[in-house]
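The values are calculated or read from the model by the stated rules, or taken from the named source; none is laboratory data. Here the structure is a predicted model, which is why all the values come from computation and not from measurement. Note that each Cβ is placed from the backbone with ideal geometry, even for glycine, and that neighbours are counted across all protein chains shown.
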Amino acid sequence: MPGCATGEEAYSIAILIREQMNALGQEWETQIFATDIDDQAIEKSSTGTFPDNIAADVTAERLQKFFVTDGKTYQISKSIREMVVFAVQSIIKDPPFSNVDLISCRNVLIYLEPALQKKIIPMFHYALKRAAFCCWAQRKPWESFTASSMPSITKAGCFDGEGMRPSHNGCRTSLRHCQ
């Protein structure tokens with residue numbers, strides 16, 4: 001998960017995987033690599049601590065199951081934190097992790113110019129196992145982005161070992177949902 005910032009997406013995916021394991025009564029070896037170029041973001045994300053206002057976005061059931069609170073902050077449970085490895089990485093300069101099942105980069109490509117996107121997508125493709133998926137999004141041209149506005153998504157889709165599979169609402173291929 002490149003461009004993980006403070007870890008919300010990485011922890012969310014870890015929670016979803018844990019919920020699926022619990023529902024099936026199975027245990028899978030799971031390791032999520034969450035990276036960012038900002039070492040301070042990595043330091044913060046590895047603590048798994050969030051302000052109490054996450055209660056507006058996280059269900060009460062998940063808060064109870066996967067977080068510990070002191071009344072002012074919520075910290076993700078140790079079992080979920082242990083599923084995620086945070087590291088400083090530049091997806092532009094550093095080699096990618098390899099042989100991965102999923103790359104979720106929806107929060108990073110939107111901030112890169114199209115020339116960098118074209119350079120990075122093949123590296124992601126190389127990093128994936130043959131039957132793996134990459135969730136991505138492409139924004140409007142760089143000129144339309146301002147620091148005070150959210151970038152607009154113009155395309156979304158996935159690619160796997162067979163190639164690109166664009167979609168208007170993200171990727172929905174068999175049981176693998178990337179959106």
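Just one of LYS129, LYS140 is modelled with pLDDT under 85, over 18 Å from CYS4 (Cα atoms), under 18 Å from the mean Cα position of the chain (by Cα) and not acidic (Asp, Glu); which is it? Checking each option against the conditions leaves just LYS129.
Could you tell me how many of the residues in region 7-48 are surrounded by fewer than 17 Cβ atoms within 10 Å (Cβ to Cβ) and of a type in the set (Val, Ile, Thr)? Count: 4.
Listed here are the strands (runs of 3 or more DSSP E) enclosed by region 1-85 that have at least 1 residues being touching a residue at least 60 places away in the same chain (Cβ under 8 Å) and either in contact with a strand residue (DSSP E or B) (Cβ under 9 Å, 6 or more places away or on another chain) or closer than 24 Å to HIS125 by Cα (or both): 32-36, 73-76.
Considering each of ALA23, ALA14, ALA34 in turn, give the residue that is among the aliphatic types (A, V, I, L, M) and touching a Gly at 6+ places or on another chain (Cβ under 8 Å).
Working: ALA23 fails: touching a Gly at 6+ places or on another chain (Cβ under 8 Å); ALA14 fails: touching a Gly at 6+ places or on another chain (Cβ under 8 Å).
On inspection, the qualifying residue turns out to be ALA34.
Would you mind stating whether PHE33 is under 16 Å from ALA5 (Cα atoms), assigned by TED's automatic domain parsing to the domain that holds PRO2 and at pLDDT 95 or above? Spelling it out, it is not the case that PHE33 is under 16 Å from ALA5 (Cα atoms), assigned by TED's automatic domain parsing to the domain that holds PRO2 and at pLDDT 95 or above.
Screening region 63-98 for residues that are acidic (Asp, Glu) and assigned by TED's automatic domain parsing to the domain that holds GLN40 and picking the one that is surrounded by the fewest Cβ atoms within 10 Å (Cβ to Cβ) gives ASP70.
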